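Since every read-out is calculated from the coordinates, none of them should be taken as a lab result. For clarity, every value in this text was computed on a predicted model and none was experimentally measured. All Cβ positions, even for glycine, are placed from backbone atoms using ideal geometry, and neighbour counts span all protein chains on display.
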Amino acid sequence: MPKKVRIPTPLRKFTNNEELVEVNAATIGEAIVELQTRFPGIQERLVDEKGEVRRFVNVYVNEEDIRFLKNKQTPLKDGDEISIIPAIAGG
Amino acid sequence: MKEHSGYMKALKCRECGREYPLTANHVCEFDFGPLEVAYDYDRIKKSLTKAAIASRPKTMWRYRELLPVANDPTVGLQVGFTPLVKADRLAKKLGIRELWIKNDTVNYPTLSFKDRVVSVALSRSRELGFDTVACASTGNLANSVAAQAASAGLKAYVFIPSDLEQGKIVNSLIYGANVIGIKGHYDEVNRLCAEIAGKFGWAFVNVNMRPYYAEGSKSMAYEIAEQHGWRVPQHTVVPVASGSLLTKIQKGYQEFIKLGLVPQTKYAVHGAQATGCSPISVAQKAGLDFFKPVKPDTIAKSLAIGTPADGFYALKVMRDTNGAAEDVTDDEIRDGIKLLAETEGIFAETAGGVTVGVAKKLIDSGKIPRDDSAVLCVTGNGLKTLDAVVGHVGKPREIKPSLREFEALITNEEKVNA
């Protein structure tokens, strides 16, 4: 059973403008690798040279910030919804 | 032909320096870093002199060359130039030689510093052809967007946490704005707005219009420097929510130094947070250059941002200027509000209580030396957060309209006070 990933506007050029894509990965880290396999180039936008999620990229699993969970090790279960949101603005 | 863009050159990524056209866009598509307005300072230097500034009306727009609009502003022409009050009685209480209050509790039209950023954002939104404006807000911003959109004939959608103070909710509804209460805290409102902004073609002042919007905060620094006798104060204490105001105050001081409007002197910019939402203060005190997001729990709702967008930059400003950060509890916030009111006759909202409380701590710990001079940025009006102090300020004593009863009351009081 797949998990859904919501792709933000600036990254849709990698996904043929798909807003919602499905992955089978078991963690956020694996999901990023899986996205890279299917949409080459997308990984570099999400993680830095050290492999860490870029500081202005915010990733949520079912509306919860992964920094409150286990960051890249956050486990995924069937039906989870992952949102990638650039540069949280506001304030 | 190149489109006229005033003194602006481009939008530029703060992380990687890539440049973008001056549209409604806040994100670098390469590394998702925030975009910032770049200016033509050589041209600005020729036009923005002390004499030119002095000849202009006393509003934030007297520094117009440094604010990101292509043409003359069209929204919020009366905003800013709030009083810089010499606070001798509060100085004595806090034990510091000289103290000033930058009093944005009386900003026009909605009594908070947000009137500055909204004036810029809506003027620029009009230039870019938008007819609907929106924002994610902890209250003050929603008030200002609602009011200034009404005066400009723009349609407004404001998104707020549904548990805000009554005063801040009514203050948005009265202007006829579409007020959407989100069942969640500000960071959740913000995330939703980032998604909405990607779908709807609106000018979200603090999402896609954020590069322009945030620049409006610099006007507070310009005014402080000018009102302080064309010099940067030794210490400036700034409340921190997203960290944008603190970051832009530093940018404002730096621009004035660069343009030769003030001498290059040593100064520090300090950050003030509530203990119930203190990701920046905790990181600064631990000597970190990054912060851990938190879930806010504080009466200072206007500062309740657990994932501060400019947190990294705010920490850098404090590092660069040798500034410090502190945080205060809900009780200390109320004490700060009362102290400012009782000594200076200024009724600030909770964020003002945070700033006063933190200033006290920084003075007591020696991070602001007692022989120095400091400016406290008081950014919003207490009438909007009555909920926070009701029940903590006593009650009127009621008597019949009888002189005898009043005399009895006074005599009683003298006995108690004797």
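If you take the square roots of the eigenvalues of the alpha-carbon gyration tensor of region B:280-418 and sort them as a ≥ b ≥ c, do you get rounded (a/c under 1.5), prolate (a/b over b/c) or oblate? Let's see the in-between values first.
Details: a/c = 3.40, a/b = 2.19, b/c = 1.55.
It is prolate, given that a/c is not under 1.5 and a/b is the larger ratio.
Scan chain A for GluC sites (Glu not before Pro) in coil per DSSP, keeping those whose Cβ has at most 10 other Cβ atoms within 10 Å, and list them by number.
Numbers: sites: A:Glu18, A:Glu19, A:Glu22, A:Glu30, A:Glu34, A:Glu44, A:Glu49, A:Glu52, A:Glu63, A:Glu64, A:Glu81; in loops: A:Glu18, A:Glu19, A:Glu49, A:Glu52, A:Glu63.
Hits after loop and neighbour filter: A:Glu49.
Give, in whole angstrom and from largest to smallest, the semi-axes √(5λ) of the equivalent ellipsoid of region A:3-86, with λ running over the eigenvalues of the Cα gyration tensor. Walk me through the intermediate numbers first.
Numbers: eigenvalues 57, 44, 29 Å².
For region A:3-86, the ellipsoid semi-axes come out as 17, 15, 12 Å.
Beta carbons within 10 angstrom, averaged per residue: use that to sort the peptides B:374-385, B:228-239, B:258-269, B:45-56, highest first. Each step should come with its number before you reach the end.
Numbers: B:374-385: 26.2, B:228-239: 22.2, B:258-269: 15.6, B:45-56: 12.2.
Highest mean packing first, the order is B:374-385, B:228-239, B:258-269, B:45-56.
I'd like the mean, over residues of B:27-36, of how many other protein chain beta carbons sit within 10 Å of each residue's own Cβ. Don't skip to the answer; put the middle values down first.
Numbers: counts 8, 4, 6, 3, 10, 15, 6, 5, 1, 0.
Partner-chain Cβ atoms within 10 Å, mean over residues of B:27-36: 6.
Just counting partner chain Cβ atoms within 10 Å, what average do the residues of peptide B:241-253 show around their Cβ?
On the way: counts 2, 4, 1, 3, 1, 0, 1, 0, 0, 0, 0, 0, 0.
Neighbouring Cβ atoms belonging to other protein chains average 1 per residue here.
Based on DSSP, what percent of beta bridges with both residues in chain B are antiparallel, to the nearest 5? All intermediate terms of the calculation are to be shown ahead of the outcome.
Values: 14 of 44 bridges.
The antiparallel fraction comes to roughly 30 percent.
Could you work out how much longer the chain between B:Asp320 and B:Ser162 gets when fully extended? Use 0.36 nm per residue separation minus the Cα distance between them, nm to one decimal. Write out the running numbers ahead of the final one.
Details: separation 158, 0.36 × 158 = 56.88 nm, distance 3.77 nm.
My answer for the length gained is 53.1 nm.
Among the lysines, select those whose C-alpha is under 19 Å from the C-alpha of A:Lys4, and discard any that sit fewer than 8 residues away in the same chain.
A:Lys13, A:Lys70, A:Lys72, A:Lys77, B:Lys199
Report the FRET efficiency, 1/(1 + (r/R0)^6), for A:Asn71 and B:Glu19, where r is their Cβ-Cβ distance and R0 is 35 Å, rounded to 0.05. Write out the running numbers ahead of the final one.
Details: r = 32 Å, r/R0 = 0.91.
Using R0 = 35 Å, I get an efficiency of 0.65.
I'd like to compare B:141-150, B:248-257: which one has the highest average count of other Cβ atoms within 10 Å, and what's the full order after that?
Numbers: B:141-150: 27.6, B:248-257: 22.1.
Going by the mean number of other Cβ atoms within 10 Å, highest first, we get B:141-150, B:248-257.
Measuring from the lowest to the highest alpha carbon on each principal axis, how far does the protein assembly as shown reach, largest first, in angstroms?
Over the protein assembly as shown, Cα extents along the principal axes are 86, 56, 47 Å.
Hey, got the dipole for the protein assembly as shown? About the Cα centre, +1 on K and R Cβ, -1 on D and E Cβ, debye to the nearest 20? Intermediate results must be reported in sequence, preceding the final value.
On the way: 67 positive and 62 negative charges, 244 e Å.
Rounded to the nearest 20 debye, it is 1180 debye.
Hey, how many Å between the Cα centroid of region A:48-66 and the Cα centroid of region B:292-362?
When both Cα centres are located, 28 Å separates them.
So how far apart, in nm, are the two label points at A:Asn16 and B:Arg97 if each is 7 Å from Cα heading toward Cβ?
Each label point is offset 7 Å from its Cα along the Cβ direction, giving 7.1 nm.
Mind checking which of B:Ala152, B:Val416, B:Pro233 is farthest towards the positive end of the protein assembly as shown's charge dipole, using Cβ charges of +1 (Lys, Arg) and -1 (Asp, Glu) about the Cα centre?
Ranked along the dipole, the leading option is B:Pro233.
Just subtract the alpha-carbon distance of B:Arg89 and B:Val390 from 0.36 nm times their residue separation and send over the number in nm, one decimal.
On the way: separation 301, 0.36 × 301 = 108.36 nm, distance 2.47 nm.
Additional length available on full extension: 105.9 nm.
Which pairs, out of A:Lys50/B:Lys360; B:Lys9/B:Lys295; B:Lys168/B:Lys295; B:Lys50/B:Lys248; B:Lys58/B:Lys395, put more than 31 Å between their alpha-carbon atoms? If you can, show how the numbers build up before the last one.
Numbers: A:Lys50/B:Lys360 42 Å; B:Lys9/B:Lys295 38 Å; B:Lys168/B:Lys295 21 Å; B:Lys50/B:Lys248 21 Å; B:Lys58/B:Lys395 39 Å.
Beyond 31 Å between Cα atoms: A:Lys50/B:Lys360; B:Lys9/B:Lys295; B:Lys58/B:Lys395.
What full-extension length gain, to one decimal in nm, is calculated for B:Ala408 and B:Leu77 as 0.36 nm per residue of separation minus the Cα-Cα distance?
Values: separation 331, 0.36 × 331 = 119.16 nm, distance 5.33 nm.
That works out to 113.8 nm of additional length.
For the protein assembly as shown, give the share of DSSP beta bridges that are antiparallel, in percent and rounded to the nearest 5; count only bridges with both residues there.
Counting only bridges with both partners in the protein assembly as shown, antiparallel ones make up about 45 percent.
Only helical DSSP H runs with n ≥ 4 go in: add -39500 (n - 2.57) per run for chain A, normalise by residue count and round the 222 nm mean residue ellipticity to 500 deg cm²/dmol.
Details: 2 runs with 16 residues, N = 91.
Rounded to the nearest 500, the figure is -4500 deg cm²/dmol.
Calculate the mean, over all residues of peptide B:300-308, of how many other protein chain Cβ atoms lie within 10 angstrom of the residue's Cβ. Provide the component values of the computation, followed by the final result.
Values: counts 0, 0, 0, 1, 0, 3, 2, 7, 3.
Taking all residues of B:300-308 together, the mean is 2.
Using alpha carbon centroids, what distance separates region B:229-245 and region B:118-158, in Å?
If we compute the Cα centre of each part, the gap is 25 Å.
Ranked highest first by the average count of other Cβ atoms within 10 Å around their residues, in what order do B:211-221, B:294-304 fall?
On the way: B:211-221: 28.3, B:294-304: 23.3.
Final packing ranking: B:211-221, B:294-304.
Longest exposed-loop-site-free stretch of chain A, with trypsin sites (Lys or Arg not before Pro), DSSP loop and at most 11 other Cβ within 10 Å?
Looking at chain A, A:1-49 is the longest stretch - no exposed trypsin sites (Lys or Arg not before Pro) with at most 11 other Cβ atoms within 10 Å.
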